[in-house]
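A short worksheet on the structure shown next.
Each value in this text was obtained by applying a stated rule to the coordinates, not by laboratory testing. Keep in mind that this is a model prediction, so the values were computed, not measured. Please note: Cβ atoms are built from the backbone with ideal geometry, for glycine as well, and neighbour counts cover all protein chains shown.
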Amino acid sequence: MRTTIGIIGGGPAGLLLARLLHRAGIDCVVLESRTRAYAEHRQRAGMLEQGTVDALRECGAADRLEVDGLVHNGIELRFDRERHHIDFPVLTGGRTVTIYAQTEIVKDLIALQLADGPQLLFEAEAVAIERPESDTPVVRFVHQGREQSLTCDWVVGCDGFHGIARDTFPAALSRTYEHDYPYSWLGVLADVPPSCEELIYARGEGGFALHSMRSPSVSRLYLQVPNETFPDDWPDERIWDELSARFAIDADWHLERGPITAKSVTPMRSYVHEPMRHGRLLLAGDAAHIVPPTGAKGLNLAVSDVRLAARALIELHRTGSAQLLDRYSELCLDRVWQATRFSYDMTRMLHADPDGDAFEHRLQLARLRRITASRPAAAELAANYTGLPLPL
Ligand code: RFL
Ligand code: PHB
């Protein structure tokens with residue numbers, strides 16, 4: 001097989017890139033190792049920055065999002081049994097965020113791609129990328145039990161954190177930066193209307209809790225738990241009791257309970273791989289970097305990488321200039337490190353450190369109090385949360 005751009009991975013990064021290139025008249029093929037059903041049902045992100053919504057709109061993938069997406073004007077911070085609203089439009093000059101599940105974005109992009117191309121192969125697992133330094137890199141993949149090869153002008157690794165693209169970089173070129181956190185998130189989906197209008201980030205006595213949502217009738221909730229926790233350690237009643245305790249405030253408010261339909265545990269990690277380009281191989285999204293979900297940045301970073309990759313590849317296609325491609329890694333990494341910093345700070349500010357002491361707990365509360373008492377401090381959080389501008 002032959003194509004212009006070979007894309008490994010049919011997650012949000014790979015599918016959006018394919019859409020943007022296809023609309024610019026550039027031929028590409030997406031290889032996805034999983035089945036369509038698996039890709040469409042993996043529970044993950046839900047909070048979209050304005051720039052992410054704009055990107056989906058620009059490529060004609062926002063019809064359902066316009067109807068079902070929930071526009072939020074801020075978030076609520078809870079600590080010391082108090083609630084504080086952070087007003088995004090007021091603090092950022094009009095920016096908002098949108099709640100729309102990653103599963104739905106993936107469904108929308110897959111439906112478009114299957115309707116009018118480009119080619120998307122499920123159960124097609126890339127096993128090697130050969131000659132990334134040459135003008136014709138080749139992706140070897142296994143599809144329906146048969147090994148095949150895809151010869152490309154460029155390859156983009158959108159294959160997530162456990163993919164193969166990153167490992168193709170020569171060891172002498174790769175630099176990696178990693179940080180593990182001493183806690184995980186237990187995430188649940190529940191068939192119950194959200195008990196709030198905005199997302200609630202709570203630093204409760206027992207640790208962090210987040211109240212998010214998927215629709216007016218489905219809530220998404222997260223609870224800080226120790227590393228190595230198994231979902232079955234937490235029967236439903238225990239989850240609701242602990243969530244209620246962590247969200248508790250002195251005002252009249254209570255958490256509605258309902259049937260829990262999914263339960264999973266996610267470890268928290270920061271990871272950055274530099275550079276994000278080697279020869280004719282680019283990395284985008286979780287393939288190059290991951291952040292803890294407290295800042296809601298992972299999916300949004302994947303989308304901004306892909307917007308830059310698409311712009312650079314389209315510029316090459318239209319003008320023959322590789323100028324943007326030469327700056328791809330540097331431009332992405334600047335945003336990546338800003339999101340890494342923000343996600344780290346949010347995580348550290350809101351979670352109970354199992355090895356921390358009373359002094360650190362007081363510092364956390366002082367940081368939270370500063371955000372709620374000082375407009376510049378709140379504006380800094382709002383600017384980062386709603387998304388820093390793209391560099392171009
Ligand atoms: P993905 O989504 O992991 O997709 C990679 C795809 O590549 C396929 N693949 C391969 N295909 C072919 N050959 C191979 N060798 C392959 N190896 C892998 C995989 O099957 C998969 O389909 O990466 P992508 O596209 O970069 O997207 C990144 C996002 O999924 C991720 O950053 C977010 O989900 C992170 N995240 C959040 N991000 C946000 O922006 N806002 C949020 O609110 C948010 N909440 C979250 C999150 C992640 C979470 N978890 C589970 C880690 C909440 C949670 C709990
Ligand atoms: C989600 O809705 O899944 C979500 C929202 C905000 C976060 C993380 C996850 O910070």
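Of the residues that make up the stretch 356-376, is at least one in contact with a Gly (Cβ under 7 Å, 6 or more places away or on another chain) and within 29 Å of Val265 (Cα to Cα)? No, because not a single residue in the stretch 356-376 is in contact with a Gly (Cβ under 7 Å, 6 or more places away or on another chain) and within 29 Å of Val265 (Cα to Cα). In this structure, does Glu147 turn out to be surrounded by fewer than 19 Cβ atoms within 10 Å (Cβ to Cβ), within 14 Å of ligand 1 (Cβ to nearest atom) and not hydroxyl-bearing (Ser, Thr, Tyr)? The answer is yes for Glu147.
Every residue, every condition in (1) free of Cβ contacts under 8 Å to residues at least 60 places away in the same chain; (2) in a loop (DSSP other than H, G, I, E, B), yes or no:
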| residue | (1), (2) |
| --- | --- |
| Asp250 | no, yes |
| His254 | yes, yes |
| Gly258 | no, yes |
| Lys263 | no, no |
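All told, Ile75 meets the bar of being more than 29 Å from Ile314 (Cβ to Cβ), among the hydrophobic types (A, V, I, L, M, F, W, C) and in contact with a Phe, Trp or Tyr (Cβ under 9 Å, 6 or more places away or on another chain). Among the residues of the stretch 254-300 satisfying the criterion of being of a type in the set (Gly, Ala, Ser) and surrounded by fewer than 19 Cβ atoms within 10 Å (Cβ to Cβ), which is farthest from Asp345 (Cα to Cα)? Going through the qualifying residues, I end up with Gly279. Taking the criterion of being assigned to a loop (DSSP other than H, G, I, E, B) and either in contact (Cβ under 8 Å) with a residue 40 or more places away in the chain or closer than 20 Å to Arg83 by Cβ (or both), the residues of the stretch 229-248 that qualify are Thr229, Trp234, Ala248.
If you go through the stretch 203-249 and keep only what is crowded, with 22+ Cβ neighbours inside 10 Å and among the small types (Gly, Ala, Ser), you end up with Gly204, Ala209, Ser212, Ser219. Only one entry in Arg34, Arg57, Arg44 is more than 18 Å from Pro118 (Cβ to Cβ), in contact with a Leu (Cβ under 9 Å, 6 or more places away or on another chain) and either within 12 Å of ligand 1 (Cβ to nearest atom) or of a type in the set (Phe, Trp, Tyr) (or both), namely Arg44.
Checked against (1) farther than 15 Å from Ala124 by Cα; (2) within 16 Å of ligand 2 (Cβ to nearest atom), Gly11 meets all criteria but (1).
Of Asp334, Asp305, all but one fail to be out of contact with any His (no Cβ under 9 Å at 6 or more places or on another chain) and more than 30 Å from Glu197 (Cβ to Cβ); the exception is Asp334.
Scanning the stretch 87-101 for residues that are within 20 Å of the chain's Cα centre (by Cα) and of a type in the set (A, V, I, L, M) yields Val97, Ile99, Ala101. Could you say whether any residue in the stretch 227-243 is polar (S, T, N, Q) and within 16 Å of ligand 2 (Cβ to nearest atom)? Looking for residues that are polar (S, T, N, Q) and within 16 Å of ligand 2 (Cβ to nearest atom), one finds none in the stretch 227-243, hence no. For the stretch 301-308, the count of residues that are more than 16 Å from ligand 1 (Cβ to nearest atom) and among the acidic types (Asp, Glu) is zero. Taking the criterion of being touching a Gly at 6+ places or on another chain (Cβ under 8 Å), buried (at least 18 other Cβ atoms within 10 Å of the Cβ), more than 18 Å from Val336 (Cα to Cα) and not hydrophobic (A, V, I, L, M, F, W, C), the residues of the stretch 161-196 that qualify are Gly163, Thr168, Tyr183.
Number of residues in the stretch 41-79 that are touching an Asp or Glu at 6+ places or on another chain (Cβ under 9 Å), away from ligand 2 (no atom under 16 Å from the Cβ) and among the acidic types (Asp, Glu) equals 1. Name every residue in the stretch 217-228 that is more than 15 Å from ligand 1 (Cβ to nearest atom) and either touching a residue at least 60 places away in the same chain (Cβ under 8 Å) or touching a Ser or Thr at 6+ places or on another chain (Cβ under 7 Å) (or both), in order of residue number. Scanning the stretch 217-228 gives a single hit, Pro226.
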